Amino acid sequence: MHVVKKDVMVDIHAENDHVAEHVNGYLSEKGIFAVNLMGAPGAGKTTTLERLISRLPCKSYVIEGDIESDIDAARLRQQGIPAYQINTFGACHLDAPLLHNAVHNMALDGGGILFIENVGNLVCPAEFSIGEDIKMLLVSVTDGSDKPYKYPLAFEKADVILLNKIDLTPYLDFDEGFFMEGVRHLNPDVPVFQVCGMTGEGYDEAADWLRRRAGK
Ligand SMILES: Nc1nc2c(ncn2[C@@H]2O[C@H](COP(=O)(O)OP(=O)(O)OP(=O)(O)O)[C@@H](O)[C@H]2O)c(=O)[nH]1
Ligand SMILES: [Mg+2]
């Protein structure tokens, strides 16, 4: 029984990866760099998009992944940011076929950066490629400093990590040394930026890193 389940999972991942490659190729042809933004519910993903996009010199697009509602997409559209909402209606992550459908329904002029805010979850999004060029992991100090130890895959696969809500550290027991030790054990060279979505602190450096990484 266990073997059968494993085989099914291998098939699901192989099919997903095939579609993800197609999505990435489609975006590359348009000169668009894609960022898969992952993090727990409420870590500050949408706030981070607002902070990064306002600092980037290039065009930005957003795909919002949520189980239900279009609250985040509407919030971004109000600020003039083109945003397309995907609702998964129960699924805890985005997958490549959902992205395939979204990018073919969006007006992507070409060039710039496409941000994909994954469903708030520190587990499943890390397992599925969705056509991105990089995975950006957003962790908040309110999530707790033990998260690299408990959810290693997201940290292992991240190309960049943003540690958010640093304005709240005086009120919490967040142990930065313990957190960073866990991060470095899994991903020795990953850049880590401390940011504050509330004040905008730290986002100049993170946006500059992203601009250079995206070649924009
Ligand atoms: N104190 C503090 N609050 C923050 C910070 N960044 C975001 N928040 C707040 O955290 C809450 C969640 O922020 P969002 O940006 O909506 O988080 P999210 O990760 O997009 O949430 P979901 O899409 O629901 O998973 C909001 O009330 C934000 O104002 C920060 O740096 N400091
Ligand atoms: Mg959000």
Within segment 72-92, residues under 16 Å from residue 48 (Cα atoms) and assigned to a strand (DSSP E or B) come out as 83
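Among the residues of segment 126-147, is there at least one that is of a type in the set (Lys, Arg), closer than 17 Å to residue 34 by Cα and within 16 Å of ligand 1 (Cβ to nearest atom)? So that I can check it myself, show each step before the final result.
Taking segment 126-147 and keeping what is of a type in the set (Lys, Arg), we get 135, 147.
Checking which are closer than 17 Å to residue 34 by Cα leaves us with 135.
From what is left, the residues that are within 16 Å of ligand 1 (Cβ to nearest atom) are 135.
Yes; the residues of segment 126-147 include at least one that is of a type in the set (Lys, Arg), closer than 17 Å to residue 34 by Cα and within 16 Å of ligand 1 (Cβ to nearest atom).
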Go through segment 183-204 and give me each residue that's farther than 15 Å from residue 140 by Cα and out of contact with any strand residue (DSSP E or B) (no Cβ under 6 Å at 6 or more places or on another chain). 184, 185, 186, 187, 188, 189, 204
Out of the residues in segment 120-152 that are over 25 Å from residue 17 (Cβ atoms) and in a loop (DSSP other than H, G, I, E, B), state the one that is nearest to ligand 2 (Cβ to nearest atom). 144
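Counting just the residues of segment 8-66 that are acidic (Asp, Glu) and part of a helix (DSSP H, G or I), which one comes out surrounded by the most Cβ atoms within 10 Å (Cβ to Cβ)?
First, the residues of segment 8-66 that are acidic (Asp, Glu): 11, 15, 17, 21, 29, 50, 64, 66.
Next cut, part of a helix (DSSP H, G or I) only: 11, 15, 17, 21, 29, 50.
Details: 11: 10, 15: 13, 17: 14, 21: 13, 29: 9, 50: 18.
Ranking the qualifying residues of segment 8-66, first place goes to 50.
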Exactly one condition in (1) outside any helix (DSSP H, G or I); (2) more than 14 Å from ligand 2 (Cβ to nearest atom); (3) of a type outside the set (D, E, K, R) is not met by residue 97; state its number. (1)
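Only one of 178, 155 is assigned to a helix (DSSP H, G or I), under 25 Å from residue 52 (Cα atoms) and of a type in the set (A, V, I, L, M, F, W, C). Can you tell me which? Steps first, answer last, please.
Numbers: 178 fails: under 25 Å from residue 52 (Cα atoms).
Exactly one residue qualifies, and that residue is 155.
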Apart from one, (1) loosely packed, with under 15 Cβ neighbours inside 10 Å; (2) under 19 Å from residue 55 (Cβ atoms) all hold for residue 101; the odd one out is (2)
Could you figure out which of (1) in contact (Cβ under 8 Å) with a residue 60 or more places away in the chain; (2) over 27 Å from residue 58 (Cβ atoms); (3) buried (at least 19 other Cβ atoms within 10 Å of the Cβ); (4) within 14 Å of the chain's Cα centre (by Cα) isn't true of residue 135? (2)
Test for residue 95: is it more than 17 Å from the chain's Cα centre (by Cα) and in contact (Cβ under 8 Å) with a residue 40 or more places away in the chain: no
Given (1) within 30 Å of residue 14 (Cα to Cα); (2) within 16 Å of ligand 1 (Cβ to nearest atom); (3) under 17 Å from the mean Cα position of the chain (by Cα), where does residue 102 come up short, assuming only one miss? (2)
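Taken together, the values in this text are just the output of simple stated rules run on the coordinates, not laboratory data. These numbers were taken from a predicted model, which means no experiment stands behind them. Neighbour counts run over all protein chains shown; Cβ positions are idealised from the backbone, glycine included.
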